[in-house]
Amino acid sequence: MNERYDRDLFLVNQKHLALGKSKFYVYDESGAALFYVERPVQLLPRRANISVYADDSKAELLLVLHQDHYFELRRREYTVMDQESGETVGHLSRDNIRAWLRRTWDIRDAAGNAIAICREDTKVMSAVRRIVDWIPYVSLLGMAIKTDFHILATDGAGETRIGTFVRKLGLGDKYVLDLKQDPARTLDRRLAVALGILLDTAEAR
């Protein structure tokens, strides 16, 4: 596996929209750039795959998050592909109905087996965010309420927290994907990076 994934903490920093694309970088803990990411802005129903490059020269494509369906009214589903090895890394999906109550992403391995979930931090804060989103004018204030997520490994014994995805305080969209609670690397770091990208583009505030 590419050494860029060999770590437990990633910093995600989204840039402004440019020429119909959302662009941002992923850094390591010291601030060195690891990945450059592009996602087309969806103005019409169509697949909008997310491309992850080694840098902004786009000479080396590392990962592609394939949007599985044109229409995502019921579910959002992505297949994560490693472009260096040609293998399927895993699958990420969100039930849009369930997300009205508490935003949750299902994480599955390449064979489709459930291995983890990524869920909003608490039920109380989830309810507060949904209410604020629907109140006129107050929804603007809701931009100040950051959305944090817990990453939980799932097995027969229940759920075990292995990481978090939190917004850093300050201007702009800056997030920390922290997997230090998973020293055994049970969650493939390629899949973790893809998850962080989706949380930034689709969920985080």
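Given the conditions (1) among the charged types (D, E, K, R); (2) open to solvent by less than 60 Å² (accessible area, probe 1.4 Å); (3) modelled with pLDDT of 90 or more, and given that Arg167 satisfies all but one, which numbered condition is not satisfied?
(3)
Tell me which residues, restricted to the stretch 171-198, are assigned to a strand (DSSP E or B) and aliphatic (A, V, I, L, M).
To start, the set of residues in the stretch 171-198 that are assigned to a strand (DSSP E or B) comprises 174-178.
Matches in the stretch 171-198: Val176, Leu177.
In the stretch 75-104, which residue that is in contact with a helix residue (DSSP H, G or I) (Cβ under 8 Å, 6 or more places away or on another chain) and at pLDDT 95 or above is surrounded by the most Cβ atoms within 10 Å (Cβ to Cβ)?
The qualifying residue surrounded by the most Cβ atoms within 10 Å (Cβ to Cβ) is Val80.
Inside the stretch 105-122, can you point out the residues that are touching a Lys or Arg at 6+ places or on another chain (Cβ under 9 Å), open to solvent by 30 Å² or more (accessible area, probe 1.4 Å) and among the hydrophobic types (A, V, I, L, M, F, W, C)?
Those that are touching a Lys or Arg at 6+ places or on another chain (Cβ under 9 Å), open to solvent by 30 Å² or more (accessible area, probe 1.4 Å) and among the hydrophobic types (A, V, I, L, M, F, W, C): Ala114, Ile115.
Test Asp200 against the criterion of being surrounded by 23 or more Cβ atoms within 10 Å (Cβ to Cβ) and at pLDDT below 95, and give yes or no.
For Asp200, the condition - surrounded by 23 or more Cβ atoms within 10 Å (Cβ to Cβ) and at pLDDT below 95 - is met.
Could we say that Thr154 is at pLDDT 95 or above, polar (S, T, N, Q), out of contact with any helix residue (DSSP H, G or I) (no Cβ under 8 Å at 6 or more places or on another chain) and surrounded by 13 or more Cβ atoms within 10 Å (Cβ to Cβ) here?
No.
So is Glu72 at pLDDT below 85, open to solvent by 10 Å² or more (accessible area, probe 1.4 Å) and not in a strand (DSSP E or B) or not?
So Glu72 passes the test.
Among the residues of the stretch 15-27, how many are modelled with pLDDT under 95 and either open to solvent by 40 Å² or more (accessible area, probe 1.4 Å) or not in a strand (DSSP E or B) (or both)? Before the answer, list the steps.
Restricting attention to the stretch 15-27, the residues satisfying the condition of being modelled with pLDDT under 95 are 15-25.
Subsequent filtering for residues that are either open to solvent by 40 Å² or more (accessible area, probe 1.4 Å) or not in a strand (DSSP E or B) (or both) retains 15-17, 19-21, 23, 25.
Counting residues in the stretch 15-27 that are modelled with pLDDT under 95 and either open to solvent by 40 Å² or more (accessible area, probe 1.4 Å) or not in a strand (DSSP E or B) (or both) gives 8.
Is it true that Val193 is within 12 Å of the chain's Cα centre (by Cα), in contact (Cβ under 8 Å) with a residue 60 or more places away in the chain and surrounded by 18 or more Cβ atoms within 10 Å (Cβ to Cβ)?
yes
The values are calculated or read from the model by the stated rules, or taken from the named source; none is laboratory data. Since the structure is predicted, the reported quantities are computational estimates derived from the model, not experimental observations. Neighbour counts are summed over all protein chains in view; Cβ atoms, including those assigned to glycine, are modelled from backbone coordinates with ideal geometry. When the accessible area is computed, the model is the full protein with side chains, heavy atoms only, and any ligands, DNA or RNA have been set aside. Shrake-Rupley method; radii C 1.70, N 1.55, O 1.52, S 1.80 Å.
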